[in-house]
Amino acid sequence: MENLLEIRDGCTTSEQFLKSLSFSRYLALYKQEFIDDLDHRSEHRPEARHKVDFIKEICARHFLEILDSDGFDAHHDLEKAKHHVRFLDGAFHHFRRKSYSRLIRLQNEVVSTGAETPETVKDKVTGKAVNLADLILETRRKLMKKVGLEYGVRRSHGLEVSPNVTAGEISGHYFRLPSDYVPLSHVPVTIAADIRTGVDYSTPSNKRALPFYELDHNPLRLQDFEPDDWVSVPLQVGAYLIIAYIHKSRGCIEMEPGLLNLFPFARVADIRNRRAADGIFVFGDPTADLDDLGYYWDEKNQVLVGLVPNRDELKYFGYAKKPVLTLHNVLAIRNGEIPLHCGCTRYIVKFDEQSDEPYITEMLIKADDMGRIHLQKGDDHVMRPFFYGTETGAFACLDGFSDEAKMQMEGREVGYNKDTGSNARQIVPVTDCEEVMTGAPLDVLLYMNNFTLVEPGESTIDTDMSVEEAIDHLRLGERVAAGSTQTGRGAKESSYWANPFPLLKEADGSILHPELYEQFVKNEKEFINVVRKLVEQNEMQIGVAYSQLMAGVYKDNSDEDILRCGYKDRDDVEMNAPVHLAEGLIELIKSTALRKRESSADKEEVSITIALVGDSRTGKSETAEKMEGTLSLSLI
């Protein structure tokens, strides 16, 4: 694509690098962007015209000649060489800050001969990225030294010049797609990647406004599909294999590192052996329009297809993450499961040898934003809700995090729109694939209420209610919004089951997606029957957690209410309220651990799994952060 640099050359010397097709291609891209910018500077036409003439003459040969030179006899020649190197230095900084580049290596031997594995490919991919970055820095230093521009302090550390993504790919033909989707097989499939972190991408939009709902037609027009314009990434989202196709145009391709930092890779064995993906996700289709935004169940081919058109208002990472999760959730509901819009953590609790007091040793995140409940029998043949996650990363809104928490994200994050004010986001890895993919019996299920103030001395957790009453809270799904979606900041909204992607029922009671809703109600009934028995046996708890996160901006809370509940002002609520819930959760975990140990064969430690259900900004991530600080499991 026009503004995307794909690097396939294998260079080991500066001479090879300057002679490579990739260098010439990027030089041409930078020159054209520079000239386009100069063409808009009408107030300085003579200067711009002469600069354009100089830029048009520049080619790789100039830099090879400088590299091969033993000095410059004439002052004029030296100054001309300096002009060329300064221009290339501008291209260097543009490459590392504003461009998007992919270093690609084909790795068909992973599936054709078995000589390579995804792990060995990953090591090679990382090595290629490091070597290329070192070579670019070395070439820059050599050229600057040749023309006398490298005197004084050398400033090379911190100049990150790795490609945005370095990918090991296999032919898409190894992916056994249905015959109706054969054109997708012409796109190579990424099986290993090394992404550059510490990068913040600016996208045309920074919030979601349009829903991703079911369509009555297949939005994918494969007769117009151009395989060379796409990259593909196979994602293992929970139990489901979803392959994402991302358009290479700017504003779309920036979704690739975010997805790679958020979801686990699918295993090569699944790619090779399965008939097809469970879901196909297409982001940035230039042939689609707004009527094609959504998902479609292809009954004939038994595959779920989701699509986001190539429109500026849709070029936001939320339109990549949420549709992928929607595909997962639709597949889960169809499979008899219940998707949960939640944060879920598994706590390892041990007991002091002297006092027998419980203490928490580990917090293992199973889901930051989405998971699913699968009803299954344990070793004792009792049916229980087992929880499984979907993401290894978190799409974190930075508005509510402390400076210390933000500091801990540095070096691992892929950011979006940090300069736009509200709703700046970062994707940060928070757990590992094994924890996400392994099911754990659910001990506590809580709905996150983010707007009700808790009086001093009162508990922030209420499980003293019937299962039916707790389910009503989940069905109502009330929260106060932060303004990252179409709902205004501080306004209350209601979303059925905290919006399990897609929304199944409107706040007024009207049914959306009737067939899916009917299946969800059936799944819910089975879930309630199981939970009721477990609650009666004192094996599981269900209720409401009060994070109070948005209580300070909620219009129905007066200033007097804020002060009475122990906060200095409205801003103080958002920063400190999650601490109170964290303390309440710690007490709940310890008391649950004592009870669970009585029926456990292991008397030394128990595992407690708690899911906190809620839509955006209900306090799931913020409470987890405060818990880590309170328990001293981090430096926060």
Q) Within region 481-493, is there a residue that is surrounded by 15 or more Cβ atoms within 10 Å (Cβ to Cβ) and either in a helix (DSSP H, G or I) or at pLDDT 95 or above (or both)? A) no
Q.
Checking the conditions here, which among Val324, Val330, Val305, Val349 is surrounded by fewer than 24 Cβ atoms within 10 Å (Cβ to Cβ), of a type in the set (A, V, I, L, M, F, W, C), within 25 Å of the chain's Cα centre (by Cα) and not assigned by TED's automatic domain parsing to the domain that holds Ile589?
A. Val305
Q | Members of region 578-628 found to be in contact with a strand residue (DSSP E or B) (Cβ under 8 Å, 6 or more places away or on another chain) and β-branched (Val, Ile, Thr), listed by number | A | Ile586, Ile589, Thr592, Val606, Ile608, Thr609, Ile610, Val613, Thr618, Thr623
Q. Restricting attention to region 526-570, and to residues there that are among the aliphatic types (A, V, I, L, M) and in a helix (DSSP H, G or I), which single residue is surrounded by the most Cβ atoms within 10 Å (Cβ to Cβ)?
A. Val531
Q: Kindly indicate the residue of region 140-180 that is at pLDDT 85 or above and basic (Lys, Arg) and also nearest to the chain's Cα centre (by Cα) among those meeting that condition.
A: Arg140
Q: For region 189-216, name all the residues that are crowded, with 20+ Cβ neighbours inside 10 Å, assigned to a loop (DSSP other than H, G, I, E, B) and touching a Ser or Thr at 6+ places or on another chain (Cβ under 6 Å).
A: Asn206, Arg208, Phe212
(Q) Here is a check on your reading of the model: is Asp73 without any contact (Cβ under 8 Å) to a residue 12 or more places away in the chain and either exposed (fewer than 15 other Cβ atoms within 10 Å of the Cβ) or closer than 12 Å to Lys146 by Cα (or both)? (A) yes
Q. Of all residues in region 502-520 being of a type in the set (D, E, K, R) and farther than 18 Å from Gly294 by Cβ, which is modelled with the lowest pLDDT?
A. Asp508
Q | Flag if Thr592 is part of a loop (DSSP other than H, G, I, E, B) and assigned by TED's automatic domain parsing to the domain that holds Glu493 | A | no
Q: Could you tell me whether Glu598 is out of contact with any Ser or Thr (no Cβ under 6 Å at 6 or more places or on another chain), at pLDDT below 95 and buried (at least 20 other Cβ atoms within 10 Å of the Cβ)?
A: no
Q: Quick one: which residue in Asn523, Asn499 is modelled with pLDDT of 95 or more and of a type outside the set (A, V, I, L, M)?
A: Asn523
Q) Conditions: (1) within 30 Å of the chain's Cα centre (by Cα); (2) touching a residue at least 24 places away in the same chain (Cβ under 8 Å). Cys565 meets all but one. Number of the miss? A) (1)
(Q) I'd like the residue in region 605-633 that is outside any loop (DSSP other than H, G, I, E, B) and basic (Lys, Arg) and, out of all such residues, is nearest to Leu445 (Cα to Cα). (A) Lys620
Q: Would you mind stating whether Val573 is touching a residue at least 12 places away in the same chain (Cβ under 8 Å), in a helix (DSSP H, G or I), buried (at least 23 other Cβ atoms within 10 Å of the Cβ) and among the β-branched types (Val, Ile, Thr)?
A: yes
Q) Quick one: in region 47-70, which of the residues that are of a type in the set (Gly, Ala, Ser) and modelled with pLDDT of 85 or more is nearest to Ser20 (Cα to Cα)? A) Ala60
Q | Which numbered condition Pro578 fails, given (1) buried (at least 24 other Cβ atoms within 10 Å of the Cβ); (2) part of a loop (DSSP other than H, G, I, E, B) | A | (2)
Q: Could you tell me whether region 138-160 includes any residue that is closer than 30 Å to Arg425 by Cα, aliphatic (A, V, I, L, M) and surrounded by 14 or more Cβ atoms within 10 Å (Cβ to Cβ)?
A: no
Q: Return yes or no: is Tyr447 in contact with a strand residue (DSSP E or B) (Cβ under 7 Å, 6 or more places away or on another chain), among the hydroxyl-bearing types (Ser, Thr, Tyr) and more than 23 Å from Glu539 (Cβ to Cβ)?
A: no
Q | Candidate set from region 244-275 (those that are under 15 Å from the mean Cα position of the chain (by Cα) and of a type in the set (Val, Ile, Thr)); member that is nearest to Phe175 (Cα to Cα) | A | Ile246
**Q.** Only one of Ile58, Ile66 that is of a type in the set (A, V, I, L, M, F, W, C), surrounded by 14 or more Cβ atoms within 10 Å (Cβ to Cβ) and free of Cβ contacts under 8 Å to residues at least 40 places away in the same chain
**A.** Ile58
Q: Have a look at Tyr26, Tyr30 and point out the one that is touching a strand residue (DSSP E or B) at 6+ places or on another chain (Cβ under 6 Å), more than 23 Å from Gly148 (Cα to Cα) and either without any contact (Cβ under 8 Å) to a residue 24 or more places away in the chain or assigned to a helix (DSSP H, G or I) (or both).
A: Tyr26
Q | Failed item in (1) modelled with pLDDT under 95; (2) in the same structural domain as Thr452 (by TED's automatic domain parsing); (3) β-branched (Val, Ile, Thr), with Ile636 passing the rest | A | (2)
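The values are calculated or read from the model by the stated rules, or taken from the named source; none is laboratory data. Computed from a predicted structure; not experimentally measured. Quick reminder, even Gly has a Cβ in these numbers, built from the backbone with ideal geometry, and neighbours come from all protein chains shown.
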